[in-house]
1. Look through SER168, SER173, SER156, SER123 and report the one residue that is of a type in the set (Ser, Thr, Tyr), touching a residue at least 12 places away in the same chain (Cβ under 8 Å) and touching a Phe, Trp or Tyr at 6+ places or on another chain (Cβ under 9 Å).
2. GLU304 - would you say it is closer than 23 Å to PRO147 by Cα, without any contact (Cβ under 8 Å) to a residue 40 or more places away in the chain and not small (Gly, Ala, Ser)?
3. Please give the strands (runs of 3 or more DSSP E) falling wholly within segment 74-191 in which 3 or more residues are at pLDDT 95 or above and open to solvent by less than 30 Å² (accessible area, probe 1.4 Å).
4. Condition check: of a type in the set (Val, Ile, Thr), surrounded by fewer than 21 Cβ atoms within 10 Å (Cβ to Cβ) and over 19 Å from HIS181 (Cα atoms). Does ILE324 satisfy that?
5. Say whether the condition of being under 18 Å from the mean Cα position of the chain (by Cα), outside any strand (DSSP E or B) and of a type in the set (D, E, K, R) is met by at least one residue in segment 25-43.
6. Answer yes if at least one residue in segment 349-361 is open to solvent by 60 Å² or more (accessible area, probe 1.4 Å) and part of a strand (DSSP E or B), and no otherwise.
7. Somewhere in segment 22-32, is a residue touching an Asp or Glu at 6+ places or on another chain (Cβ under 6 Å), touching a residue at least 60 places away in the same chain (Cβ under 8 Å) and open to solvent by 10 Å² or more (accessible area, probe 1.4 Å)?
8. Step by step: first the residues of segment 268-292, then only those that are surrounded by fewer than 15 Cβ atoms within 10 Å (Cβ to Cβ) and modelled with pLDDT under 90, then the one that is farthest from the chain's Cα centre (by Cα). Which residue is that?
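The values are calculated or read from the model by the stated rules, or taken from the named source; none is laboratory data. Everything numeric in this text was worked out from a predicted model, so none of it was measured. Virtual Cβ from ideal backbone geometry, glycine too; neighbours counted across all protein chains shown. Surface accessibility is based on the protein's heavy atoms, side chains included, excluding ligands, DNA and RNA. Shrake-Rupley method; radii C 1.70, N 1.55, O 1.52, S 1.80 Å.
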Amino acid sequence: MSHEEFMNTALRLARRGLGRTRPNPPVGAVVVKDGVVVGRGYHRRAGTPHAEVIALEEAGRRAEGATLYVTLEPCCHHGRTPPCVSAIIRAGIRHVVVGSVDPNPRVNHRGIRALERAGIEVSTGILRERCDELIEFYRKYITTGIPFVTLKLALSLDGRIATKYGDSRWITSRASRRYVHRLRDIHDCVMVGSGTLRRDDPELTVRLLKGRNPARAVVAETLNLKHSFKLFRDDGTERFVFTTEDADSTRKRGFERLGVSVITLKRTEDGVSMKEVLKELGKRGITSVIIEGGSRLATSVLKEGLADRVIFFLAPVIIGGDGIPVVRGLGTEDIKHALRLKGLRIRRFEDDIMVEATPCLQE
């Protein structure tokens, strides 16, 4: 087998940790001796052994003189667990093959140099693009302190997310909704606006598949919300409400008694600053957020340039001009300044079309 094939095995292992390792990145590792995989590992959650350590423990004495394939540069500092570089050196590994260099300033190339100083051969950049994509949430978070933001919206062909009465169940197919639950499963937090919460009372769980529920958040400048909404149910996950100083203090205390974290921010022209919301989530170790509406929240995120990725599910439905638009005014005066998308990926879910892309402001 080639370097690429062994790294592919490490990547498959790493994906098992997606959405479960915050604030750490998902990482996979395999130990190879004489062309045979003798140890496998992936990082399961923060505070538990890293992928390299698990793979080395499984390999045991067979690790001596072997090659270690790891999707991300091994760490060289003490955190909640000891540095992986030390474990690799002790195990007698001869060669380390790295997919991505760790963007964490505490590690960036330091792990590689430490291995080389110990006389271990290091190769880098094997399947780098795929390894980089695996840690895109972590890269944004560790370099900015702000979570990676995915904006997901389901809309009709004429650009409406609901009828004029607010009915939106269901615009898209069950296959599309099941994929959305997979997206929730790999994100740390799912967020909606207060209008969506009042209108739909969504659960924001992964009930259509076997997975883990993300933290849940709502942006509500006046806190005019019912305690009985499904989002506030205590299922062991974190629940956040972002509001302003205008919110009633009695309501705040009521939500706090339910175990909900109520975070008060200064009021802006648009109500609640989404930039400040994301900063607060980042302080709490949230590395990724999927925002699922509504129209006002989507507009704010796009207007402030906060979306790292947009995912639109287009259904073969026409609602009409009196329906609720997917995005409201962005202040675009001419086409050359319109928000454009790059890196398009298109998939089909039953009769729906999914468009995934990266927002790109045109100068």
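1. Numbers: SER168 fails: touching a Phe, Trp or Tyr at 6+ places or on another chain (Cβ under 9 Å); SER156 fails: touching a Phe, Trp or Tyr at 6+ places or on another chain (Cβ under 9 Å); SER123 fails: touching a Phe, Trp or Tyr at 6+ places or on another chain (Cβ under 9 Å).
The match here is SER173.
2. Details: closer than 23 Å to PRO147 by Cα: yes; without any contact (Cβ under 8 Å) to a residue 40 or more places away in the chain: yes; not small (Gly, Ala, Ser): yes.
For GLU304, the condition - closer than 23 Å to PRO147 by Cα, without any contact (Cβ under 8 Å) to a residue 40 or more places away in the chain and not small (Gly, Ala, Ser) - is met.
3. Working: elements: 95-100, 121-124, 148-156, 160-162.
Once the strands (runs of 3 or more DSSP E) in segment 74-191 are filtered for at least 3 residues that are at pLDDT 95 or above and open to solvent by less than 30 Å² (accessible area, probe 1.4 Å), what remains is 95-100, 148-156.
4. On the way: of a type in the set (Val, Ile, Thr): yes; surrounded by fewer than 21 Cβ atoms within 10 Å (Cβ to Cβ): no; over 19 Å from HIS181 (Cα atoms): yes.
No, not satisfied.
5. no
6. As a first pass, look at segment 349-361 and keep what is open to solvent by 60 Å² or more (accessible area, probe 1.4 Å): 350-351, 353, 361.
If we keep only those that are part of a strand (DSSP E or B) as well, we get 353, 361.
Scanning segment 349-361, I find at least one residue that is open to solvent by 60 Å² or more (accessible area, probe 1.4 Å) and part of a strand (DSSP E or B), so the answer is yes.
7. Of all residues in segment 22-32, those touching an Asp or Glu at 6+ places or on another chain (Cβ under 6 Å) come to 22, 29.
Next, only the ones that are touching a residue at least 60 places away in the same chain (Cβ under 8 Å) stay: 22.
Filter once more, keeping what is open to solvent by 10 Å² or more (accessible area, probe 1.4 Å): 22.
Among the residues of segment 22-32, at least one is touching an Asp or Glu at 6+ places or on another chain (Cβ under 6 Å), touching a residue at least 60 places away in the same chain (Cβ under 8 Å) and open to solvent by 10 Å² or more (accessible area, probe 1.4 Å), which makes the answer yes.
8. Restricting to residues being surrounded by fewer than 15 Cβ atoms within 10 Å (Cβ to Cβ) and modelled with pLDDT under 90, the top hit is GLU269.
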